[in-house]
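Let me begin by presenting the structure, written as structure tokens, before commenting on it.
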Amino acid sequence: AKVLVTGANGFISVWICRQLLEAGYAVRGTVRDPPKGDYMVTLFKSFGIGKKFEYVIVKDVASPTAYDAAVQGVDAVVHTASPVGAGGKPQDTINPAVQGTVSILSSSVRFGPTVKRIVVTSSAVSVLEPHDEPYLYTEEDWSESALRTYEEHGDETDGVTVYRVSKVMAERKAWDFMDEHKEAGFDLVTILPTYVWGPLLQDTSKMKAPNASMQVLTSCLVEEKTPEECGPYYSDWVDVRDTALAHVRALQLPAAGGERFLVSGGPFAWQDIYDALVTAEPPIPGIPRGSPGTKRTYGTPCSNEKSQQILGITYKVLSETVVDAIRSLDEKVPTW
Ligand code: NDP
């Protein structure tokens, strides 16, 4: 079987492509420029799994015909391409996110008679909402507050909120599209990762800084947190390899059809990261200690129950993820 993966050269996507190839699928990746595809051809050749990887150029995901050619002859689609930390005007992020999602679905209806399933990478930001009391987010939740902020502030909306708007609008649009296209020969699964960390497989030759989610991890190393900042819940994290596996399983398992899945290794406080990184063997030099023994409170984490039960994911532990992530950054982006 052949799988189309959009935005194939991204941090998460290269791992998805690799795991699909290892599972025996042929993979067609979409990239915006040839060197990004050539890098992957070479990468997978070096793993001895290169023969089944090909790429096509899709320059403008927001064009309604963007994927008309790319979807032809594939059995399934993983749609990951979406702006992350793009800056500029809100529409520069929101439009490619939303219209890109519509394009992949509508191209598949029109030109992908063989497509059986489409997996869309949404985000945990699609469920987040401020809560004063402790709360466990599940796949039943939908974020509304970012949309309200954007309605109020328009072009003045901050970048983080704009990203949240782009993800929640794109995911809603995908489910609405499925409601409106009962004739589609495929079903939909959405994957909602928390902050994704782990080793880098993508082309890092021009990278000066970690990508957006890895910057969250490195922020506490660049500037050690105060004792007060060390203990409170900050957010949730997930390993990039587990995130990729969730996409692969979402394609394979009949029970996943029509479902959303939060994927999360667990909640974290900054002290958890300090404690995890000092367990590295051999040690990683220059790791701050934080405030060892500080009390942790995890207010509003994301549930990973459903992904464990239906997708069968056994999540990596924090120490494996963060140690592998920082070692990989040190090796591949030494300037970070
Ligand atoms: P990357 O920035 O590494 O990858 C993003 C991919 O999308 C790249 O291939 C990029 O292409 C492509 N892309 C971005 N903007 C556009 C655009 N306007 N038109 C066409 N392609 C575009 O990010 P990640 O791997 O971290 O993210 C992948 C997906 O996962 C995204 O949908 C993101 O929202 C989602 N996600 C990520 C999380 C994380 O913590 N990393 C958490 C939750 C969700 P190019 O290289 O050419 O720019």
Short version: what are the Cα gyration tensor semi-axes of the chain, square root of 5 times each eigenvalue, largest first, in whole Å? 31, 24, 19
Please report, for the Cα atoms of the stretch 174-326, the Rg to one decimal and the Dmax as a whole number; what are they, in angstrom? 17.8, 57
Using the alpha-carbon atoms, what tilt in degrees (0 to 90, nearest 10) does helix 90-111 show relative to the longest principal axis of the chain? 40 degrees
Take peptides 23-30, 265-272 and line them up by average Cβ neighbours within 10 Å, highest first, as a rough protection proxy. 265-272, 23-30
Specify the angular offset, from 0 to 90 degrees and rounded to the nearest 10, of the alpha carbon long axis of helix 34-46 from the longest principal axis of the alpha carbons in the chain. 70 degrees
Of the listed peptides 9-20, 309-320, what is their order by residue-averaged count of other C-beta atoms within 10 Å, with the highest listed first? 9-20, 309-320
Compute the distance from the alpha-carbon center of the stretch 164-178 to that of the stretch 35-97, in whole Å. 19 Å
Going by C-beta contacts inside 10 Å, put Ile191, Ile57, Ile287 in order with the fewest on the left. Ile57, Ile287, Ile191
Final fewest-first order of Val56, Val127 on the 10 Å Cβ neighbour count is Val56, Val127
Nearest-5 percent of antiparallel DSSP beta bridges in the chain? 10 percent
Sort 79-86, 118-125 by packing, meaning the average of other beta carbons within 10 Å per residue, with the highest value first. 118-125, 79-86
Choice from Ser103, Ser303, Ser219 showing the highest fluctuation, given a GNM over the chain with Cα pairs closer than 10 Å: Ser219
Per residue of the stretch 164-174, in order, report the coupling 6.51 cos²θ - 1.76 cosθ + 1.60 (Karplus, θ = phi - 60°) as ³J(HN,Hα) in whole Hz, putting x for Gly and Pro. 4, 4, 4, 6, 5, 5, 5, 5, 4, 4, 5
Relative contact order for the chain, counting Cα pairs under 8 Å that sit 6 or more residues apart, in percent: 18 percent
Violating pairs (Cα-Cα greater than 23 angstrom) within the set Lys116/Lys182; Lys52/Lys316; Lys167/Lys206: Lys52/Lys316; Lys167/Lys206
What is the stretch 37-183 by shape, rounded, prolate or oblate, if you read a ≥ b ≥ c off the alpha carbon gyration tensor as root eigenvalues and call it rounded for a/c under 1.5, prolate for a/b larger than b/c, and oblate otherwise? prolate
Nearest 10 degrees, 0 to 90: helix 11-22 Cα axis against the chain principal axis: 60 degrees
Just rank Ser166, Ser264, Ser235, fewest to most, by other beta-carbon atoms within 10 angstrom. Ser235, Ser264, Ser166
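Each value in this text was obtained by applying a stated rule to the coordinates, not by laboratory testing. Not measured: the values here are computed from a predicted model. Here Cβ is always computed from backbone atoms with ideal geometry, including for glycine, and neighbour counts include all displayed protein chains.
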